[in-house]
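Novice: The structure under discussion is supplied below as structure tokens; questions concerning it will follow.
The values are calculated or read from the model by the stated rules, or taken from the named source; none is laboratory data. Just so you know, these numbers come straight off a predicted model, no measurement behind them. Counting neighbours? That spans all protein chains shown, and the Cβs are built from the backbone with ideal geometry, glycine included.
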Amino acid sequence: MKSKVQSVILASKSPRRYELMRSLNIKFRVAIKNVDESYPNGLNPEEVAVYIAEKKAKAFDDHLNSSELVITADTIVSFNQCILGKPLTTEDAFNMLSCLSDNKHQVITGVSLLSADGLFSFYEVSDVCFSPLTTEEIEFYIKNYNPFDKAGSYGVQDWLGSVAVEKINGSYTNVMGLPTQRLYRELICRYGMSLLKQV
């Protein structure tokens, strides 16, 4: 018999994931543990996203009681099977956005759910098509927005998402950092949570 989940923990400092969790009408609290986000060579982008999400979840292994559920996530941007992480410099951001301009890329979010019953993980992939961007548009974005805390150097919910994203094939919230539709269904079906009652 599965343990009854009475407390949900979002292990993320991302304000976007926080707002997406709130949109699901879930009562939760935020707890953060510092985790080394390195990963082994040879993993494909989907495996990397899940690997890091699971590392984040396992950091709570010894601090979880029988009624708690920890949710962790990791979002990466993949272009031609090359992972584009968070840019370290303005030049990094410019080069990444130049690659994405007039091209299709994938946004992959790995999600891990850790409870007394064990660890369950999944991932979602969304294809994102960008229109062509001029040098001036890329420089404007980097100067006036903050690409340095975002995988692939952009946030779909801000200015660049509004002017550059032509089409998304897959979950929009996945591109923001948390595939809410899949998460919602897993919480109901896998953990028996009655989310409609948590107003």
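Novice: Return the pairs, sorted by first residue and then second, in which the second residue is surrounded by fewer than 21 Cβ atoms within 10 Å (Cβ to Cβ) and not small (Gly, Ala, Ser), the first residue lies in segment 4-20 and is over 12 Å from residue 71 (Cβ atoms) and touching a residue at least 12 places away in the same chain (Cβ under 8 Å), the beta carbons are less than 8 Å apart, and the residues are 6+ apart or on different chains.
Specialist: Qualifying pairs under 8 Å: 6/68; 13/30; 13/32; 16/157.
Novice: With respect to residue 151, determine if the residue is touching a residue at least 60 places away in the same chain (Cβ under 8 Å), within 29 Å of residue 90 (Cα to Cα) and of a type in the set (A, V, I, L, M, F, W, C).
Specialist: Numbers: touching a residue at least 60 places away in the same chain (Cβ under 8 Å): yes; within 29 Å of residue 90 (Cα to Cα): yes; of a type in the set (A, V, I, L, M, F, W, C): yes.
It is true that residue 151 is touching a residue at least 60 places away in the same chain (Cβ under 8 Å), within 29 Å of residue 90 (Cα to Cα) and of a type in the set (A, V, I, L, M, F, W, C).
Novice: Pull up segment 69-117, narrow it to residues that are among the β-branched types (Val, Ile, Thr) and more than 13 Å from the chain's Cα centre (by Cα), then point me to the one that is surrounded by the fewest Cβ atoms within 10 Å (Cβ to Cβ). Before you say what the answer is, go through the steps one by one.
Specialist: Within segment 69-117, the subset among the β-branched types (Val, Ile, Thr) is 70-72, 75-77, 83, 89-90, 107-109, 111.
Remaining after also requiring more than 13 Å from the chain's Cα centre (by Cα): 70, 83, 89-90.
Numbers: 70: 24, 83: 17, 89: 9, 90: 14.
Filtering first and then ranking leaves 89.
Novice: Name the one entry in 107, 35 that is modelled with pLDDT under 95 and β-branched (Val, Ile, Thr). Talk me through it step by step, then tell me what you get.
Specialist: Details: 107 fails: modelled with pLDDT under 95.
Among 107, 35, only 35 is modelled with pLDDT under 95 and β-branched (Val, Ile, Thr).
Novice: Please indicate, with yes or no, whether at least one residue in segment 10-18 is over 18 Å from residue 187 (Cβ atoms), out of contact with any Leu (no Cβ under 9 Å at 6 or more places or on another chain) and modelled with pLDDT of 95 or more. So that I can check it myself, show each step before the final result.
Specialist: Just the residues of segment 10-18 that are over 18 Å from residue 187 (Cβ atoms), to begin with: 13-16.
Checking which are out of contact with any Leu (no Cβ under 9 Å at 6 or more places or on another chain) leaves us with 13, 15.
Subset that is modelled with pLDDT of 95 or more: none.
Looking for residues that are over 18 Å from residue 187 (Cβ atoms), out of contact with any Leu (no Cβ under 9 Å at 6 or more places or on another chain) and modelled with pLDDT of 95 or more, one finds none in segment 10-18, hence no.
Residue by residue, here is whether (1) touching a residue at least 60 places away in the same chain (Cβ under 8 Å); (2) not in a loop (DSSP other than H, G, I, E, B) holds:
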{"site": "87", "(1), (2)": "yes, no"}
{"site": "95", "(1), (2)": "no, yes"}
{"site": "125", "(1), (2)": "yes, yes"}
{"site": "166", "(1), (2)": "no, yes"}
{"site": "181", "(1), (2)": "no, yes"}
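Novice: I've got another one for you. Run residue 161 past the list (1) touching a residue at least 24 places away in the same chain (Cβ under 8 Å); (2) outside any strand (DSSP E or B); (3) out of contact with any Lys or Arg (no Cβ under 6 Å at 6 or more places or on another chain); (4) of a type outside the set (Phe, Trp, Tyr) and report the number of the one that doesn't hold.
Specialist: Condition not satisfied by residue 161: (1).
Novice: Considering segment 16-38 alone, what residues qualify as being assigned to a loop (DSSP other than H, G, I, E, B), surrounded by fewer than 16 Cβ atoms within 10 Å (Cβ to Cβ) and not β-branched (Val, Ile, Thr)?
Specialist: 25, 27, 31, 33, 34, 36, 37, 38
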